[in-house]
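Each reported figure results from applying straightforward, stated rules to the coordinates on display, with no laboratory input. Model, not experiment: these values are computed from the prediction. All Cβ positions, even for glycine, are placed from backbone atoms using ideal geometry, and neighbour counts span all protein chains on display.
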């Protein structure tokens, strides 16, 4: 049975992301039917190598064992439901602002033998290993990313349960392998669990040393002023948009005012916003 998340849980998670360890794990949020439906779709779209993008950590020879599936919102109602889970919406609105948007919603499938990832922080921070990419004085004073991770299988030490470095979100720096190795802990959990964390929390997928797949669904959420990683306005299917809840319209950025043609706005000739 799926877990009910209370207002007390929401506060605990929000406090953990902001001032605590930088992450919070809700076990067994999605039921077995939802997990099975999601896995079936992900597997059907990732039977051929390709799709992995970054953080391979020198293991490019095994890149075919890590499969990404992008633009999940077009691939099944189960993902439309997952992306706007009430706990995600409640927690992230307190950290990113009430008009926060979606940057990406994708799956990461690690086949047996997959090497996992190098430790990293997430978009838009993932270039922070090169300080010249960012404004002077960039720091962890506020957050420009929150992440959700939904476990599609039981996560174990053997199959590469996600590793995090507690409290690392307060530093605002890119991790080194040595620092991460000293501080990291893995987060085993049952299938259907929901992990939330900030993009500045050091983390990575660990190697899958089991004989079975280890898959996750990854959500990237951003303040309204950060450019999304995926071009969702162009890629999300018209029928998904037509049936979108107010929460999904918010996530897709459909209610945002800017950018607009200010000459038209000032003259009163601007057309309705999309």
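Computed quantities for the displayed model
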{"item": "CD proxy at 222 nm, helix term only [per DSSP H run n ≥ 4: -39500 (n - 2.57); per residue of the chain; nearest 500]", "result": "-7000 deg cm²/dmol"}
{"item": "Most fluctuating residue given options 159, 71, 47, as computed from a GNM of the chain linking Cα atoms under 10 Å", "result": "47"}
{"item": "For peptides 202-208, 91-97, sequence by mean Cβ density within 10 Å, most packed first", "result": "202-208, 91-97"}
{"item": "Gain upon complete extension [residue 261, residue 43; 0.36 nm per residue less C-alpha separation]", "result": "74.2 nm"}
{"item": "Cα long-axis angle, helix 86-96 against the chain (0 to 90 degrees, to the nearest 10)", "result": "70 degrees"}
{"item": "Length-normalised contact order of region 7-267 in % [C-alpha pairs under 8 Å, at least 6 apart]", "result": "28 percent"}
{"item": "Relative contact order (percent, whole number), region 139-274, Cα cutoff 8 Å, 6+ residue spacing", "result": "31 percent"}
{"item": "GNM flexibility winner over the chain from 245, 198, 215 (Cα, springs under 10 Å)", "result": "245"}
{"item": "Relative contact order of region 78-193, pairs being alpha-carbon contacts under 8 Å that are 6 or more residues apart, as %", "result": "28 percent"}
{"item": "Expected-Rg normalisation [2.2 N^0.38 Å, Cα atoms] applied to the chain", "result": "1.00"}
{"item": "Angle between the chain longest axis and helix 32-44 axis [Cα atoms, degrees, rounded to 10]", "result": "90 degrees"}
{"item": "The chain: most fluctuating residue of 259, 188, 119 per GNM, C-alpha cutoff 10 Å", "result": "259"}
{"item": "Euclidean distance of C-alpha centroids, region 205-249 and region 165-185, integer Å", "result": "25 Å"}
{"item": "Cβ-Cβ FRET estimate between residue 63 and residue 27, R0 fixed at 25 Å, reported to 0.05", "result": "0.20"}
{"item": "Folded to 0 to 90 degrees: helix 7-19 orientation relative to the chain principal axis, Cα", "result": "80 degrees"}
